[in-house]
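Inspection log for the structure reproduced underneath, given as structure tokens.
Derivation of every value follows stated rules applied to the coordinates shown; laboratory data play no part. Note that the coordinates shown come from a computational prediction; the quantities given were computed from them, not determined experimentally. Because the Cβ atoms are built from the backbone with ideal geometry, glycine has one as well, and the counts that use them run over all protein chains shown.
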Amino acid sequence: LAILLGKEHRPVDLWTTRIAELPTSPTGLHYDGFSLSSSTRNDEEPLEMQATTRLQALADKLDCLTEADFTLLANASPSTVEAWRKRGTGPSYILIGNRYLYPRQAVSEYLHGLTRERARSMKGVLL
């Protein structure tokens, strides 16, 4: 029929068409009856990145480090940082919901406590 009308015939991706027709929630998610899928355009950040960026901005306003930032700073795995919290050997932290924030002052004090003094060399000392 398309050829008779002079229009070019292209296969239609029904799944993409169906997703595009679904209503979008204020968070940009489509509900297709089975799962939520993110709707992002090329000029938008994915929702996970938006949440991470927003969390980072809030932590900065509170003068805190996020758990990911502290893990990066300590060059430790998340499980090691969790073990430090459980043992009480790491810096003081704030628990909000299921997120851990580390006040910058507490991290600074913790790092200061880890500072090691260099041993004086006995070289050149007369006995």
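Side notes on the structure shown:
- Fully extended contour minus Cα-Cα distance, from Ala68 to Leu114, at 0.36 nm per residue: 14.5 nm
- Amide H contacts under 5 Å for Cys64, placed H, 5+ residues apart: Arg104
- For Glu109, Glu48, Glu117, order by how many other beta-carbon atoms lie within 10 Å, fewest first: Glu117, Glu48, Glu109
- Applying the criteria of a DSSP loop state and at most 13 other Cβ atoms within 10 Å to the trypsin sites (Lys or Arg not before Pro) of the stretch 61-122 yields Arg116, Arg118, Arg120.
- Between the amide H of Tyr100 and those of Glu67, distances stay under 5 Å, these residues lying 5 or more places away or on another chain, with hydrogens modeled in the peptide plane.
- Placing dummy labels 7 Å off each Cα toward the beta-carbon, the span from Ser77 to Arg104 is 3.1 nm.
- ³J(HN,Hα) computed for each position of the stretch 80-97 - Karplus, 6.51 cos²θ - 1.76 cosθ + 1.60, integer Hz, glycine/proline x: 5, 5, 4, 5, 4, 4, 5, 7, x, 9, x, x, 4, 9, 10, 9, 10, x
- Residues in the stretch 73-117 reached by a label modelled at Ala51 [backbone nitrogen below 12 Å; 7 Å Cα→Cβ]: 98-99
- Arranged from fewest to most other beta-carbon atoms within 10 Å of their beta carbon, Asp60, Asp69 become Asp60, Asp69.
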